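Please treat every number below as a calculation from the coordinates, not as lab data. Here the structure is a predicted model, which means the values were calculated and not measured. Cβ: placed from backbone, ideal geometry, glycine included. Neighbour counts: every protein chain shown.
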Amino acid sequence: MDEQHAKAKCGGRKGVVALALSLAMASAAVAQQSGSPSAPSGPSGAKPDTHITPEQAQQLFSLVDELMKFSSQETGLPIKSAVKRQLTTRAAVEAYLDEKFNEDEDTKRLQRDEIVLKKFGLLDHDFALKPFLLILLKEQIEAYYDSKTKTVNLLDWVDADEQKPVLAHELTHALQDQHSDLEKWDDQTPDDVSTDASGDVDHLAKDEMDTARDAVAEGQATAVMFDYILKPLGKSLVKDPEVMDIVKAQMSSTEDSPVMARAPLVLHEMMLFPYSEGLSFEQDVWMDQGQAAAFAGTLDRPPSSSWEILNPRVYEQKRIPAIPLMPNIHPLVDAQYKPYDIGQMGELDVHILTELFGGDNAARDLTPAWDGGIYWAGQLRNATPAEQASTKSLGLFYLSVWKNADSAQVFAKLYAKNLGRKYASVRMVSAATSAASADGESVEQIYDTNEGPVVITQRGKLVFVAESFPLPLAHRLTSLILDAQGGDGAKRLAGVLAQPNAAPEVPEGGLSADLVHFFANCGVMKAVVDPALRAGR
């Protein structure tokens, strides 16, 4: 437990045990009920859908105004207009998801994200992202608020009583929309990657904004949902902060979600991040600074990075996240590579990467020592259409900054150890240590793989990885990027340095930004709703 979260995690042990027992008993009760939202449709042995009656639907609609008032009281956000409501079928929800996959701009970026995630080793090379996401969302989605039509959509196959807390969640989004216009507020990360240095700086400065804002929006809505259920029990997230440990543990459970149980770690973590970590963030700000700061305050002054979400005290102190410098790489790469993807490697990304590569202990030890990261991917200009669909067409570099040289060294070794996760063949070519400089000595490891050379260089607190570039180019990029940081990574880009004249070329999104944003915009997930339902039984 880091010091930033200490306040939210304290609480009586007796309260934790008692609540855990009640939630466990409720879980067993839910599992015995037919028509539960935890029962997926389709697979053999699944219980068939039940549908609420027209009378139940009318009763549910009549609760919208009442629950809107509850959400307004809970958040302090005023009700400025009535919210449209409609009951929708499973077929309509699936059509809604199909439309998002075929037309939504986020989905177009996902097609590129798949190859970059595989290049990083976060997805297996034979994993098909799009069809799996569609199946996962059809299992997970529980309700959604459409900010374009200003309509809350309820599901006709979920019991009316069980939809009440979900409705409190979605109506919080409606209040957020009336306060901040979610269509504009939640769309800050640029859609395109640039072809010049000024555009690179702009993208890197804004890259994690949507991830952080998604966490605020979903964290607020999830807080309202849980307090709606906890209130009759005489509890709340603020009065009983120990509830958070149990809630987050249950969100991570895949017991009642067979598709979720098969999801790669990266998808599991990115789907839950805005709910679980956003909820923790909102709880901390609420406890420290009050309701207005936690709701209207974080909408009016939203965090800009996953670093702030995971470390709420940093946000409260108004500390600006630092980003490693990106020098002008284009004279070196443009002749052979077309810009493909650029972004920050945020704290969320590093946590997922280190957990996958080294397990829970590695993630727990290394993530607090992380101090910034950026990556760039380019696609060979002469790649064939078949090659463009694989990681073989990409050259990738990744710079990570650490708070101390020891952590940088551990990460460099962990990264090298896991090269076999992403390449069919890996052979060490050389390992060398250069003389110490003002930035510390440089330790270089060179590997040969079936997709070209991999060069891993540690210099003091910096680790730079160049993958699949020709070796001379990899060395030039290593020197250019590491030298640009200066003073062992002391020179950093802070704040948003927008360059309006940057020329866009291809879609962009940070390593986790697109997936987090996509999940958050599809609707509230079953993995979040089920723990809430159990808490109220």
- Message: So if I take the alpha carbon set of region 322-494, get Rg, then get Rh from the Kirkwood formula, what is the Rg over Rh ratio?
- Response: 0.94
- Once the dipole of region 322-494 is set up from charges on Cβ (+1 Lys and Arg, -1 Asp and Glu), the residue from the list Pro470, Val410, Gln485 lying farthest towards its positive end is Pro470
- How large is the charge dipole for region 322-494, taken about the Cα centre, if only the Cβ atoms of Lys, Arg (+1) and Asp, Glu (-1) carry charge, to the nearest 20 debye? 200
- Task: With a cut-off of 19 Å, note down the residues of region 368-401 whose backbone N falls inside the zone around a label point 7 Å from the Cα of Asn102 toward its beta carbon.
- Result: none
- State the answer as a single residue: which of Ala335, Ala322, Met270 lies farthest towards the positive end of the charge dipole of region 261-415, with beta carbon charges of +1 for Lys and Arg and -1 for Asp and Glu, about the Cα centre. Ala335
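Within 12 Å, Cβ to Cβ, of Thr53, how many net charges do the neighbouring residues add up to if Lys/Arg are +1 and Asp/Glu are -1?
-3
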- FRET efficiency for Ala249 and Lys184, using Cβ-Cβ distance with R0 set to 35 Å, rounded to 0.05: 0.50
- For region 105-264, how big is the tail of P(r) above 26 Å, as a whole percent of Cα pairs? 43
- Message: Longer than 29 Å from Cα to Cα, which of Lys118/Lys138; Lys80/Lys184; Lys248/Lys318; Lys206/Lys231; Lys119/Lys461 are they? Say none if no pair is.
- Response: Lys206/Lys231
- Report the convex hull volume per residue for region 125-208, counting only C-alpha atoms, in Å³. 157
- With each pseudo-label sitting 7 Å past Cα toward Cβ, what's the Thr53-Lys150 distance in nm, one decimal? 3.4
- Estimated FRET transfer efficiency when R0 is 60 angstrom, pair Leu471-Gln86 (beta carbons, to 0.05): 0.50
